[in-house]
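> Got a structure for you, questions after.
Only the coordinates and a few stated rules stand behind these numbers; no lab work does. Please read these numbers as outputs of a predicted model, since none were measured by experiment. A quick note on method: Cβ atoms are made from the backbone with ideal geometry, for glycine too, and the neighbour counts reach across all protein chains shown.
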Ligand code: GDP
């Protein structure tokens, strides 16, 4: 089920109420059950779905509503705002300012789309007038530096890395120092993703973060990881101070629910989504328009 299908299922659950002349507890309960099923099928974490259901029940008190009140409208509004709450952790993430040097560190598993996303993020800001630079602090994967170099060259963004140095912390520190000296205002650190969640990866992320003191740590997540999203996001959050999430491969056949879970796990907002392999297939993420579109 792709996100559009999730939206379709929720919209259908809400529309079903239009066939009922009276909106009573049974109709409301059926509608909530349909919505719950759709969210679970889309891989949204079980606990989040339960919370959403009980929040909607708390907000919509059918008995207390006067006769003639638009109950369908109230239920729809409650579903809309609870979906928004699910995606909105309530605090905005750090946002780079032109001319104020800052360091943004990217973390995520190998294959999540991290290197591609670093370049997209740099390119997006370059077009807004920033002076971005890329640092490859991934010494684990052979070819990581070449990939970053290729992407950076295509986008005409300066880069730093090494074929010889094996200590990612050292490269990260050197890269940041160098670009700070050269007055770059957005220094982007690409890091290793290894193959799976493992202690060594998290320790490496902790060390790089401690040594470079990033202003923002962005967790990059592949939208297709499904129910694993919550635990994966939480594991990264426990080792570094994740402040924002970017969900990649939204153009694919992902169920999409993982995106919602990652927000809950990191208590950080989704700031962009990746919608293709190309450098400009990158969209700013805004909760309300996203949920509106989801619900058609
Ligand atoms: P990393 O190992 O996390 O650095 O991942 P890469 O940046 O190397 O990306 C892994 C693969 O996913 C590459 O083939 C990318 O082109 C692809 N990719 C990254 N982001 C997206 C996206 O938003 N949509 C699609 N369709 N592919 C993506």
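> Give me the percent of DSSP beta bridges within the chain that run antiparallel, rounded to the nearest 5. Don't skip to the end; give the middle numbers.
Working: 3 of 28 bridges.
Restricted to the chain, the bridges split so that about 10 percent are antiparallel.
> Between residue 180 and residue 46, what's the calculated FRET efficiency when r is the beta-carbon distance and R0 is 45 Å? Round to 0.05. Spell out each step's value before the answer.
Numbers: r = 45 Å, r/R0 = 0.99.
Once the sixth-power term is evaluated, E becomes 0.50.
> Restricting things to alpha carbons, find the Rg to Rh ratio for the range 219-296 using the Kirkwood radius for Rh. Don't jump to the answer; show the numbers that get you there.
Working: Rg = 12.0 Å, Rh = 12.6 Å.
Using only Cα positions, Rg/Rh for the range 219-296 is 0.96.
> What is the distance, in nm, between label points placed 7 Å from the Cα along the Cα-to-Cβ direction at residue 199 and at residue 25?
Calculated label separation equals 5.2 nm.
> What is the mean projected area of the alpha carbon convex hull for the range 156-285, to one decimal in square nanometres?
8.5
> Report, for the range 150-296, the % of DSSP beta bridges that are antiparallel, rounded to 5.
Approximately 25 percent, going by the DSSP bridge assignments.
> Over the chain, with a Gaussian network built from C-alpha contacts below 10 Å, which listed residue (63, 174, 25) shows the highest mean-square fluctuation?
Its mean-square fluctuation being the largest, the pick is 63.
> Right, here's the next one. If you fit an axis through the alpha-carbon atoms of helix 3-16 and take the longest principal axis of the Cα set of the chain, what angle between them do you get, 0 to 90°, nearest 10?
So the helix axis and the longest Cα principal axis differ by about 10 degrees.
> Taking Cα atoms, how many degrees apart are the long axis of helix 168-181 and the longest axis of the chain, rounded to 10 and kept between 0 and 90?
80
> Would you compute, from DSSP H runs of 4+ residues alone, the mean residue ellipticity of the chain at 222 nm, taking -39500 (n - 2.57) per run and dividing by the full residue count, rounded to the nearest 500?
Taking each H run of at least 4 residues, the total per residue is -15500 deg cm²/dmol.
> Then there's this: Can you tell me, using C-alpha contacts under 8 Å and at least 6 residues apart, the relative contact order of the chain as a whole percent?
Numbers: 551 pairs, mean separation 72.1, N = 296.
That works out to 24 percent.
> Give me the Kirkwood hydrodynamic radius of the range 2-102, using the inverse of the mean 1/r over all pairs of distinct Cα atoms, in Å to one decimal. Each step should come with its number before you reach the end.
Working: mean 1/r = 0.0658 Å⁻¹.
15.2 Å is the Kirkwood radius here.
> Also, I was wondering about something else. Given N residues in the range 103-207, what is Rg(Cα) / (2.2 N^0.38 Å)?
Cα-based Rg divided by the globular estimate yields 0.99.
> Using a Gaussian network model on the chain with a 10 Å cutoff between Cα atoms, which of 104, 27, 220 fluctuates the most?
Maximum fluctuation in the GNM of the chain, among the listed residues, is at 27.
> State, to one decimal in nm, how far the label point of residue 162 lies from the label point of residue 267, with both points 7 Å from Cα in the Cβ direction.
Reported label-point gap for residue 162 and residue 267 is 3.7 nm.
> I've got another one for you. For the Cα atoms of the chain, what angle does the longest principal axis make with the long axis of helix 144-154, in degrees from 0 to 90, nearest 10?
It is inclined by approximately 80 degrees.
> Here's another thing I want to ask about it. Give me the orientation-averaged projected area of the Cα convex hull of the chain, in nm², one decimal.
Mean orientational projected area (the chain, Cα hull): 15.7 nm².
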